[in-house]
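Comments concern the structure below.
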Amino acid sequence: MDLKTKTIQGIGWSGISQVVQLLFHFILIAILARLLTPDDFGLLAMTVVFTGFVMIFCDFGITAALVQHKRITEEHLSSSFWINILTGFVLTLLLVISAPLIANFYNESRLTLIISMLSITFFIHSFGAVQTVLFTRELNFKSLAVAEILSVLISGIIAIILAFSGFGVWSLVWQQLSSIFIKVIFLWKFSNWKPKFLFKWQRLKELLGFGLNLTGFSFINYFNRNFDDLLIGKFFGSVSLGFYNLAYQLLLFPLSNISQVIGRVMFPSFSIIQNNKDRISHLYIKATRYIATITFPLMIGLLVVAPQFIKVVFGLQWERSIFLVQIFALSGLLHSLGTTVGWIYQSQGRTDIMFRWGFFSSIIVVTAFIIGLRWNIEGVAVSYAIAGLLLAYPSFAIPFKLIDLKFGYFVKQFKSISLATIGMGGTIFTLSVFMNSILGMSDLIILISTIIIGIISYISILFVLDKSFCREIFYLFKQLIKL
């Protein structure tokens, strides 16, 4: 099977996994938002700031280095497995010890036990890291998709049952714990590889140069993306953080997953052809256009229908999140493509440049968060959007130099998608104003009508502007449904 076929199949299974996860994630949030309170979501968001940070150091980038490395041996794999286990245990222990300090930082005693329980995820996660690497290197995303889907569905059902039973924030905690445990169980079930009692420090050293730079970037990038939660939780409390975090989950989390559908396949594929820059540039443009085809209209659509969407799906208690959703929708246009540049850095083995750029951009983002605090959570969201806009050009231009891709040429490839998105946005905005102000229709009718008209208008305009691209997408879709 050639690389193109493997890549298409990989995108297909990765897409199936992410679509199912996103749909269930959306349904789960909608159900839990009516059973739980902003305080419950805020408490979990407080803990995730720290648990997500610690997760960065679970393998020091070794697993990504295993994917990028041209040739790996059993010594690489087994050595990585045992160091992951040791690291996972140590990180779990450190976070348990740190739990009271984190609770004191937020002045929220309930966090001590929550953080202690969630810390177990690091140790559990370490058992499945190498299996994930092997599936990724082989572009075998079918096994990964099944494991991910089952873990999300089962853990989500557990969370809903617990929420109905009055467990509050603990329904969210057990959802996280059960999800990672179930995923690891299925990874072991599907994988033929089992660790051997081998440990060669020399093999780890071969991977650490790449891995440590990637870890450094991940540390800075995580700091960028979560410092706002830290500040809001500290200065405004769990309820305000609950509103902010819901808006973030609705937009930026799904966007990352949409990009990940293609990204988790493109990174190993790019690594295989890492010396062919022309081919990588061509494939990168094609992949990002596919992403933009979904994310651009999705973001503008949510920007327009946010008032109806929040009220209908989550209820009036979440009304404060409407403005936040609209701001994050604007940020999401760039964010959906910005997450893809990591494919270039990593496939070219230049995580050192990735780390340096991340360090610089973090200064801008953190400064924006601090300035935005003056205007509460709304000010933080606006500051985040402004910082993203300022950093947009260098965020793309720097990695593009590694594959000889011109920024101006790249932007021109999105002309038809952008025009179709603008046309769709204008259409549904006019429709929603007419239905609301003139006809006085209910939020539910407006929401359903704008979604249907938005999809029809977007597809129609895009087809008129770029028939060849629409045929290309249709051909890709036919290839994917043959899986």
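The values are calculated or read from the model by the stated rules, or taken from the named source; none is laboratory data. Note that this is a predicted model, so its numbers are computed, not measured. Because the Cβ atoms are built from the backbone with ideal geometry, glycine has one as well, and the counts that use them run over all protein chains shown.
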In segment 323-342, is there at least one residue being at pLDDT below 90, buried (at least 23 other Cβ atoms within 10 Å of the Cβ), outside any loop (DSSP other than H, G, I, E, B) and touching a Lys or Arg at 6+ places or on another chain (Cβ under 9 Å)?
-> no
Is it the case that some residue within segment 343-357 is of a type in the set (A, V, I, L, M), over 30 Å from Ile428 (Cα atoms) and at pLDDT below 85?
-> yes
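Tally up the residues in segment 175-225 that are among the polar types (S, T, N, Q), in a helix (DSSP H, G or I) and modelled with pLDDT of 75 or more, please.
Counting residues in segment 175-225 that are among the polar types (S, T, N, Q), in a helix (DSSP H, G or I) and modelled with pLDDT of 75 or more gives 5.
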By residue number, the members of segment 163-173 that are under 16 Å from Met117 (Cα atoms) and surrounded by 18 or more Cβ atoms within 10 Å (Cβ to Cβ) are Val169, Trp170, Ser171, Leu172, Val173
So how many residues does segment 428-479 have that are farther than 19 Å from Ile294 by Cα and either in contact with a His (Cβ under 8 Å, 6 or more places away or on another chain) or part of a loop (DSSP other than H, G, I, E, B) (or both)?
-> 4
Those helices (runs of 4 or more DSSP H) lying entirely in segment 62-143 with at least 3 residues modelled with pLDDT of 80 or more = 74-106, 111-118, 120-126, 129-137
Considering only segment 303-322, how many residues are in a helix (DSSP H, G or I), surrounded by fewer than 20 Cβ atoms within 10 Å (Cβ to Cβ), out of contact with any Pro (no Cβ under 8 Å at 6 or more places or on another chain) and not basic (Lys, Arg)?
-> 4
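Is it the case, given these coordinates, that Ile294 is surrounded by fewer than 22 Cβ atoms within 10 Å (Cβ to Cβ), hydrophobic (A, V, I, L, M, F, W, C) and under 17 Å from the mean Cα position of the chain (by Cα)?
On the way: surrounded by fewer than 22 Cβ atoms within 10 Å (Cβ to Cβ): yes; hydrophobic (A, V, I, L, M, F, W, C): yes; under 17 Å from the mean Cα position of the chain (by Cα): yes.
Yes, satisfied.
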Flagged pairs (Cβ under 6 angstrom, 6 or more apart or on separate chains; first in segment 440-451, in contact (Cβ under 8 Å) with a residue 12 or more places away in the chain; second charged (D, E, K, R) and surrounded by 16 or more Cβ atoms within 10 Å (Cβ to Cβ)) are Asp443/Lys311
Please work out if Ser155 is in contact with a helix residue (DSSP H, G or I) (Cβ under 7 Å, 6 or more places away or on another chain) and of a type in the set (Ser, Thr, Tyr).
-> yes
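Is it the case, given these coordinates, that Val380 is in contact with an Asp or Glu (Cβ under 6 Å, 6 or more places away or on another chain) and either part of a helix (DSSP H, G or I) or surrounded by 19 or more Cβ atoms within 10 Å (Cβ to Cβ) (or both)?
Values: in contact with an Asp or Glu (Cβ under 6 Å, 6 or more places away or on another chain): yes; either part of a helix (DSSP H, G or I) or surrounded by 19 or more Cβ atoms within 10 Å (Cβ to Cβ) (or both): yes.
Taking the combined requirement at face value, the residue satisfies it.
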Scanning segment 137-168 for residues that are touching a Phe, Trp or Tyr at 6+ places or on another chain (Cβ under 7 Å) and free of Cβ contacts under 8 Å to residues at least 24 places away in the same chain gives Ile158, Leu162
